[in-house]
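*Asks:* Mind looking over this structure? Questions follow.
Only the coordinates and a few stated rules stand behind these numbers; no lab work does. Computed from a predicted structure; not experimentally measured. Cβ: placed from backbone, ideal geometry, glycine included. Neighbour counts: every protein chain shown.
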Amino acid sequence: MTSNRKFILKKRPQGTPKQEDFELITENIPDLDNGSILIRNHFISLDPAIRGWLDDAPSYLPPVKIGDSVRATAIGQVEASKNNNFKPGEWVLGLNGIEEFSIVEEGGFTAHIDNSIVPSPTNYLSILGAVGMTAYFGLLDAGKPKKGETVLVSGAAGAVGSAVGQIAKIKGCRTIGIAGGPKKCERLIKDYGFDAAIDYRDKDSNSLGKAISEAAPDGIDIIFENVGGEILDASLLSINEHARVVLCGLISEYNTEHKGAKNLWQLIVKQAVIRGFLIRDYAPRFAEGGIEMAKWITDGKINFDEHIEKGIENTFDAFMLLFSGGNNGKLILDIRP
């Protein structure tokens, strides 16, 4: 164990990422400094947020540097340690990179995880990790649903969206999901318990707006937005007085220069509010959300899916599934040897 394969950023993508924007390289692993640890990564979380980190633009995290491993949340085991808080063999989770080995300096973001209480360690990247907590706190804390309200979720067949819809049902809301393709819409109803599903494919903004208004004849009280663009625009035309829009993601806009919704004037007309949401600020409350989510899973109230691709050499193809809608559930890359 002297070398490390790393999926690095070679140049900044212009629009949709291309294979030549990245490179898989092999480097020697340097010696550890006092206080640092070496982690052997096993599972990598592939998330839409990664695309934003590739641009040289202001964000909540600095952009990935050219030549650095592409940043991602990873689960692995401590391979070697010069830190008394971490012992070889222990399982950890951290915001590292898409690489076989990561060196984390003292004070870096790394946390112990207990695999004995979950069916698979990958659950910490999905329903019991940032994905599940985004759905939990994003809906309950930012959206503040009330029994009897109508909740519209875009990207509803995704890992976050599917959990949002199920939590909304637990809280007594009517749920409408927007997804791409008949199979995903069928899953919304059969697997995740949505009351209605809308296929956005082959619909322009007018026909999509009509489909939303028909599915929500009494209007929408909460929009949980993961997609943006025309979907958000069409949704805003059906909001009720004092509606809440939780802006979690804008995946349809990440690869385009033309950003922004045209129908924001509806927020004025309906005295509604729109709020950007980042799970980062809720890290101290993860235990609280995790306990509740685990109970709902045990009680059969929440279903979740994990889509696992294999091999660090397949990183680019796996990552691009996020933008084609080709993943079914939380997208995870298994890079174990």
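*Asks:* What are the ³J(HN,Hα) couplings of region 61-69, residue after residue, when phi is run through the Karplus curve with 6.51, -1.76, 1.60 and θ = phi - 60°? Round to Hz, x for glycine and proline.
*Replies:* Calculated HN-Hα couplings, in order: 10, x, x, 4, 6, 4, x, 8, 4 Hz.
*Asks:* Here is a further query. Would you be so kind as to identify which of GLY326, GLY132, LEU236 lies farthest towards the positive end of the dipole of the chain, taking Lys and Arg as +1 and Asp and Glu as -1 on Cβ and the Cα centre as origin?
*Replies:* So the residue we want is LEU236.
*Asks:* Can you tell me how much longer the chain between SER120 and GLU186 gets when fully stretched, taken as 0.36 nm per residue apart minus their C-alpha distance, in nm with one decimal?
*Replies:* Separation in residues times 0.36 nm, less the Cα-Cα distance, equals 21.1 nm.
*Asks:* I've got another one for you. Return the single residue from PRO63, PRO145, PRO284 with maximal mean-square fluctuation; model: Gaussian network over the chain, springs between Cα atoms under 10 Å.
*Replies:* Between PRO63, PRO145, PRO284, it is PRO284 that shows the largest mean-square fluctuation.
*Asks:* Among DSSP beta bridges whose residues both lie in the chain, state the antiparallel percentage, nearest 5.
*Replies:* Of all bridge pairs located within the chain, approximately 55 percent are antiparallel.
*Asks:* Additional query: With +1 on each Lys and Arg Cβ and -1 on each Asp and Glu Cβ, how big is the dipole of the chain about its Cα centre, in debye rounded to the nearest 20?
*Replies:* Details: 37 positive and 44 negative charges, 144 e Å.
In total the dipole reaches around 700 debye.
*Asks:* Would you mind working out the magnitude of the charge dipole of region 213-288 relative to its Cα centre, with +1 at each Lys and Arg C-beta and -1 at each Asp and Glu C-beta, to the nearest 20 Debye? Mind dumping the intermediate values first?
*Replies:* Details: 7 positive and 11 negative charges, 58 e Å.
Taking the Cα centre of region 213-288 as origin, the dipole is about 280 debye.
*Asks:* Can you tell me how much longer the chain between GLU313 and LYS146 gets when fully stretched, taken as 0.36 nm per residue apart minus their C-alpha distance, in nm with one decimal?
*Replies:* Stretched fully, the GLU313-LYS146 segment lengthens by 55.5 nm.
*Asks:* Out of (1) 65; (2) 32; (3) 28, which label holds the value of percent of Cα pairs over 33 Å apart that was computed here?
*Replies:* Among (1) 65; (2) 32; (3) 28, the one calculated here is (3).
*Asks:* Next question, about the same structure. What nm value, rounded to one decimal, do you get for the distance between LYS301 and ASN206 when each label is placed 7 Å out toward the C-beta?
*Replies:* 4.4 nm
*Asks:* Moving to a separate point now. Which distance in nm do the two modelled labels at GLU90 and GLU20 give, with both placed 7 Å along the Cα-to-Cβ direction?
*Replies:* For the pair GLU90/GLU20, the computed spacing is 4.6 nm.
*Asks:* Still on this structure: What order do you get for ASP68, ASP47, ASP299 when you list them from fewest to most C-beta neighbours inside 10 Å?
*Replies:* Arranged by neighbour count, lowest to highest, ASP68, ASP47, ASP299 become ASP299, ASP68, ASP47.
*Asks:* If you don't mind, another one. Once a ≥ b ≥ c are taken as the square roots of the eigenvalues of the Cα gyration tensor of region 67-132, is the result rounded (a/c under 1.5), prolate (a/b larger than b/c) or oblate (a/b not larger than b/c)?
*Replies:* Here region 67-132 falls in the oblate category.
*Asks:* Specify the inter-centroid distance of region 20-69 and region 280-317, based on alpha-carbon positions, in whole Å.
*Replies:* Each part's Cα centre sits 21 Å from the other's.
*Asks:* Now, a different point. Please state the charge dipole magnitude for region 130-280, taken about the Cα centre, from unit charges on C-beta atoms (+1 on K and R, -1 on D and E), reported in debye and rounded to the nearest 20.
*Replies:* Using Cβ point charges on Lys, Arg, Asp and Glu, region 130-280 gives about 420 debye.
*Asks:* Still on this model: Under the definition of Cα pairs under 8 Å and six or more residues apart, what whole-number percent is the relative contact order of the chain?
*Replies:* It comes to 16 percent, rounded to a whole number.
*Asks:* Here is a follow-up. Pick from SER81, SER238, SER116 the residue whose mean-square fluctuation is largest in a GNM of the chain, springs joining Cα atoms under 10 Å.
*Replies:* Between SER81, SER238, SER116, it is SER116 that shows the largest mean-square fluctuation.
*Asks:* Right, something else. With θ taken as phi - 60° and the coefficients 6.51, -1.76 and 1.60, list the Karplus ³J(HN,Hα) couplings across region 174-187 in order, rounded to whole Hz; mark glycine and proline as x.
*Replies:* Each residue of region 174-187 in turn: 8, 10, 10, x, 10, 8, x, x, x, 5, 5, 5, 5, 5 Hz.
*Asks:* In nm, give the distance between the simple-model label positions of ARG336 and HIS242, each being 7 Å from the Cα along the Cα-to-Cβ direction.
*Replies:* In this crude spin-label approximation the distance works out to 5.1 nm.
*Asks:* Along the charge dipole of region 56-210, Cβ charges K/R +1 and D/E -1, which of VAL92, PRO119, CYS173 sits furthest on the positive end?
*Replies:* CYS173
*Asks:* Between TYR60 and GLU214, what FRET efficiency comes out of the Förster formula 1/(1 + (r/R0)^6) with R0 = 51 Å and r the beta carbon distance, rounded to 0.05?
*Replies:* FRET efficiency, GLU214 to TYR60: 0.85.
*Asks:* Continuing with the same structure: Compare the peptides 2-14, 325-337 by average per-residue count of other Cβ atoms within 10 angstrom and give them in order, highest first.
*Replies:* So the peptides 2-14, 325-337, ranked by packing, come out 325-337, 2-14.
*Asks:* Can you tell which of ASN83, ASN255, ASN28 shows the greatest fluctuation in a Gaussian network model of the chain with Cα springs below 10 Å?
*Replies:* Evaluated over the chain, the most mobile residue of the options is ASN28.
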